[in-house]
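Below is one structure; the comments refer to it alone.
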Amino acid sequence: MAYIGFGSEIDTAAFVSDALSAGMALVMPRVERGSRNLALHRVRNLEQELESGVWGIRQPRADCPAMDASSVEFVLVPGVAFTRHAERLGYGGGFYDRLIRGFAPRPALVAAAFELQVVAALPMTDTDQRVDRVITESADYPAR
């Protein structure tokens, strides 16, 4: 599972394109604004099956095949900031935190970030979900 980078996020376009080229099943999230959840959809063609969604983020069209969370083995997770212990600060909507809590079994959770997004500490609550590792252009930070 992956997302298309938005704004100042890491550009993930090559990552998702390479996954498709390698024959992997690509699952992408679609924001369901009313329920404040992420629906998972399979994407086979990035040019034809993505549209501009909430906040202008590219996401799968609603008619892309729905996918069950249990089929996901790996998640590329976005975030605003991270710690060296793989704690994550999202954008404030809790979309990924709710999604991660609902995974059974829990897939590998990896964040790609810029080193400047790694900070000493973050305000964490019991609903915030860590990732398994944060990878930047200069370091790899596994969860502890």
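Within the stretch 107-121, count every residue that is surrounded by 16 or more Cβ atoms within 10 Å (Cβ to Cβ) and either among the small types (Gly, Ala, Ser) or in contact (Cβ under 8 Å) with a residue 40 or more places away in the chain (or both). Working first, answer last.
Step one: list which residues in the stretch 107-121 are surrounded by 16 or more Cβ atoms within 10 Å (Cβ to Cβ), which gives 107, 109-113, 117-118.
Subset that is either among the small types (Gly, Ala, Ser) or in contact (Cβ under 8 Å) with a residue 40 or more places away in the chain (or both): 107, 111-113.
Residues that pass the stated criteria total 4.
Within the stretch 111-129, can you find the residues that are farther than 23 Å from LEU99 by Cβ and among the polar types (S, T, N, Q)?
none
Go through the stretch 103-144 and give me each residue that's more than 12 Å from PHE82 (Cα to Cα), charged (D, E, K, R) and in contact with a Phe, Trp or Tyr (Cβ under 8 Å, 6 or more places away or on another chain).
Matches in the stretch 103-144: GLU137 only.
Looking at this structure, is ALA104 of a type outside the set (S, T, N, Q), in contact (Cβ under 8 Å) with a residue 24 or more places away in the chain and either closer than 23 Å to ASP140 by Cβ or in contact with a strand residue (DSSP E or B) (Cβ under 9 Å, 6 or more places away or on another chain) (or both)? So that I can check it myself, show each step before the final result.
Values: of a type outside the set (S, T, N, Q): yes; in contact (Cβ under 8 Å) with a residue 24 or more places away in the chain: yes; either closer than 23 Å to ASP140 by Cβ or in contact with a strand residue (DSSP E or B) (Cβ under 9 Å, 6 or more places away or on another chain) (or both): no.
It is false that ALA104 is of a type outside the set (S, T, N, Q), in contact (Cβ under 8 Å) with a residue 24 or more places away in the chain and either closer than 23 Å to ASP140 by Cβ or in contact with a strand residue (DSSP E or B) (Cβ under 9 Å, 6 or more places away or on another chain) (or both).
What are the residues in the stretch 20-39 that are touching a residue at least 40 places away in the same chain (Cβ under 8 Å) and at negative phi, if any?
Here is the first cut: in the stretch 20-39, the ones touching a residue at least 40 places away in the same chain (Cβ under 8 Å) are 25, 27, 29, 31, 36-38.
If the condition is that a residue be touching a residue at least 40 places away in the same chain (Cβ under 8 Å) and at negative phi, then ALA25, VAL27, PRO29, VAL31, ASN37, LEU38 are the ones that fit.
Considering only the stretch 8-29, state which residues are more than 16 Å from the chain's Cα centre (by Cα) and outside any helix (DSSP H, G or I).
Going through the stretch 8-29, the residues more than 16 Å from the chain's Cα centre (by Cα) turn out to be 18, 20-24.
Once the filter is applied, which keeps residues that are more than 16 Å from the chain's Cα centre (by Cα) and outside any helix (DSSP H, G or I), the stretch 8-29 yields ALA22, GLY23, MET24.
Just name the residue that is surrounded by the fewest Cβ atoms within 10 Å (Cβ to Cβ) out of those in the stretch 17-70 that are within 20 Å of ILE100 (Cα to Cα), touching a Cys at 6+ places or on another chain (Cβ under 9 Å) and charged (D, E, K, R).
Within the stretch 17-70, the match that is surrounded by the fewest Cβ atoms within 10 Å (Cβ to Cβ) is ARG42.
Restrict the check to the stretch 123-135 and report whether at least one residue is under 16 Å from GLU9 (Cβ atoms) and hydroxyl-bearing (Ser, Thr, Tyr). Break it down into steps so the answer makes sense when it comes.
Narrowing the stretch 123-135 to residues under 16 Å from GLU9 (Cβ atoms): 131, 134-135.
Narrowing further to those that are hydroxyl-bearing (Ser, Thr, Tyr): none.
Scanning the stretch 123-135, I find no residue that is under 16 Å from GLU9 (Cβ atoms) and hydroxyl-bearing (Ser, Thr, Tyr), so the answer is no.
Of the residues in the stretch 71-96, how many are surrounded by fewer than 16 Cβ atoms within 10 Å (Cβ to Cβ) and among the acidic types (Asp, Glu)?
1
How many of the residues in the stretch 86-144 are in a strand (DSSP E or B) and either on the phi > 0 side of the Ramachandran plot or over 14 Å from the mean Cα position of the chain (by Cα) (or both)? Give the steps one after another, and end with the answer.
Pass one, the stretch 86-144, residues in a strand (DSSP E or B): 88-89, 108-112, 118-119, 133-135, 140-142.
Adding the requirement that they be either on the phi > 0 side of the Ramachandran plot or over 14 Å from the mean Cα position of the chain (by Cα) (or both) leaves 118-119, 140-142.
Matching residues across the stretch 86-144 total 5.
Would you mind telling me which numbered condition in (1) outside any loop (DSSP other than H, G, I, E, B); (2) of a type in the set (Gly, Ala, Ser); (3) within 13 Å of the chain's Cα centre (by Cα) GLY79 fails?
(1)
All of the numbers you see were taken from the coordinates with simple rules; none came from a lab. Just so we're clear, the structure is a prediction, and the values are computed from it rather than from any experiment. Here the Cβ is made from the backbone with ideal geometry for all residues, glycine too, and neighbour counts use every protein chain on show.
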